[in-house]
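One structure below.
The values are calculated or read from the model by the stated rules, or taken from the named source; none is laboratory data. Just so it is clear, the structure is predicted and the values come from calculations on it, not from any experiment. Counting neighbours? That spans all protein chains shown, and the Cβs are built from the backbone with ideal geometry, glycine included.
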Amino acid sequence: DIQMTQSPSSLSASVGEEITITCRASQTISTFLNWYQQSPGKAPRLLISAGSILQTGVPSRFSGSGSGTEFSLKIRGLQPEDFATFYCQQTYSLPRTFGQGTKVEV
Amino acid sequence: EVQLLESGGGLVQPGGSLRLSCAASGFTFRSYAMSWVRQAPGKGLEWVSTMSGSGTTYYADSVKGRFTISRDDSENTLSLHMDSLRVDDTAVYFCAKDDSYIVVVPAAQAFDNWGQGTLVTVSS
């Protein structure tokens, strides 16, 4: 199975800041990488697919980049609703594994 | 609007069985693969099982042989039958819609809609 490792596991930030979350794959996965956001007590929400494709309705302050084994999710100008846990997921091979999550806190 | 509504969770003893259901609406159910993803208390997301629109099934090693996924395209319903439940199966189980008909790897596929989840607690 492909292991997905996110860093950091948690981070503290303030409204308006820019943050970056990193996701590393244990083997190359091209750009077959998705990002999800999960607010407390809520279902996950797909933010970005195929490494960098922003989903409909997702604010442009979110962006994804990377290929191969290293990927990043950037949020420019954090908003109060962005404080949540973010997960990466690879779809290069089965099982389609998730990272352990990065919690973004105030 | 896509809606996925899970039901069937509850408290069950180790070794017991439970059946989860997911009622789907707002899209052409038969045209998409559907999945179950779980989240143990305070933990991350773990893919459990997928059934493609063509009926092919996939399972995580941790549930293979114990869980059975099925779908009723006439009722727009996805199910997960869970046998031989263990304490470490305790989790919120989410129903998720794939954005494709079949599962292909490698491919740019994703879980584009999720239900709110149903809690399964396995405890004596």
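Out of all the residues in region B:75-82, is one or more under 14 Å from residue B:27 (Cβ atoms) and either at the interface with chain A (Cβ under 10 Å from one of its Cβ atoms) or in contact with an Asp or Glu (Cβ under 9 Å, 6 or more places away or on another chain) (or both)?
Checking region B:75-82: at least one residue is under 14 Å from residue B:27 (Cβ atoms) and either at the interface with chain A (Cβ under 10 Å from one of its Cβ atoms) or in contact with an Asp or Glu (Cβ under 9 Å, 6 or more places away or on another chain) (or both).
Is it fair to say residue A:30 is within 13 Å of chain B (Cβ to nearest Cβ) and either surrounded by 13 or more Cβ atoms within 10 Å (Cβ to Cβ) or assigned to a loop (DSSP other than H, G, I, E, B) (or both)?
yes
Only one of these conditions is not met by residue B:50: (1) in contact (Cβ under 8 Å) with a residue 60 or more places away in the chain; (2) in contact with a Phe, Trp or Tyr (Cβ under 6 Å, 6 or more places away or on another chain). Which number is it?
Against the list (1) in contact (Cβ under 8 Å) with a residue 60 or more places away in the chain; (2) in contact with a Phe, Trp or Tyr (Cβ under 6 Å, 6 or more places away or on another chain), residue B:50 comes up short only on (1).
Is it the case that region A:44-60 has a residue that's part of a loop (DSSP other than H, G, I, E, B) and of a type in the set (Lys, Arg)?
no
For every residue, the table says whether it meets (1) within 14 Å of chain A (Cβ to nearest Cβ); (2) in contact with a Cys (Cβ under 8 Å, 6 or more places away or on another chain).
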| residue | (1), (2) |
| --- | --- |
| B:8 | no, no |
| B:13 | no, no |
| B:19 | no, no |
| B:36 | yes, yes |
| B:47 | yes, no |
| B:54 | no, no |
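Identify the single condition in (1) in contact with a strand residue (DSSP E or B) (Cβ under 7 Å, 6 or more places away or on another chain); (2) surrounded by 15 or more Cβ atoms within 10 Å (Cβ to Cβ); (3) on the phi < 0 side of the Ramachandran plot that residue A:92 does not satisfy, given that it satisfies every other one.
(1)
From the list A:45, A:76, pick out the single residue that is at pLDDT 95 or above and within 14 Å of another protein chain (Cβ to nearest Cβ).
After applying the criteria, what remains is A:45.
Can you confirm whether region A:16-38 contains a residue that is in contact with a Pro (Cβ under 9 Å, 6 or more places away or on another chain), aliphatic (A, V, I, L, M), in contact (Cβ under 8 Å) with a residue 60 or more places away in the chain and over 28 Å from residue B:49 (Cβ atoms)?
Checked region A:16-38: no residue is in contact with a Pro (Cβ under 9 Å, 6 or more places away or on another chain), aliphatic (A, V, I, L, M), in contact (Cβ under 8 Å) with a residue 60 or more places away in the chain and over 28 Å from residue B:49 (Cβ atoms).
Being more than 8 Å from chain A (Cβ to nearest Cβ), under 12 Å from the mean Cα position of the chain (by Cα) and closer than 30 Å to residue A:30 by Cβ is the filter here, so list the residues in region B:97-118 that pass it.
B:97, B:98 - these are the residues of region B:97-118 that are more than 8 Å from chain A (Cβ to nearest Cβ), under 12 Å from the mean Cα position of the chain (by Cα) and closer than 30 Å to residue A:30 by Cβ.
Condition check: surrounded by fewer than 21 Cβ atoms within 10 Å (Cβ to Cβ), more than 11 Å from the chain's Cα centre (by Cα) and without any contact (Cβ under 8 Å) to a residue 12 or more places away in the chain. Does residue A:77 satisfy that?
No.
Find the residue count for region A:49-60, including only residues that are more than 9 Å from chain B (Cβ to nearest Cβ) and either more than 17 Å from residue B:100 (Cα to Cα) or touching a strand residue (DSSP E or B) at 6+ places or on another chain (Cβ under 7 Å) (or both).
Total satisfying the criteria: 6.
For region B:71-100: of the residues being of a type in the set (Ser, Thr, Tyr) and loosely packed, with under 15 Cβ neighbours inside 10 Å, which is nearest to residue A:32 (Cα to Cα)?
Taking the candidates together, the pick is B:74.
Can you pull out the residues in region B:52-67 that are touching an Asp or Glu at 6+ places or on another chain (Cβ under 8 Å) and assigned to a strand (DSSP E or B)?
B:67
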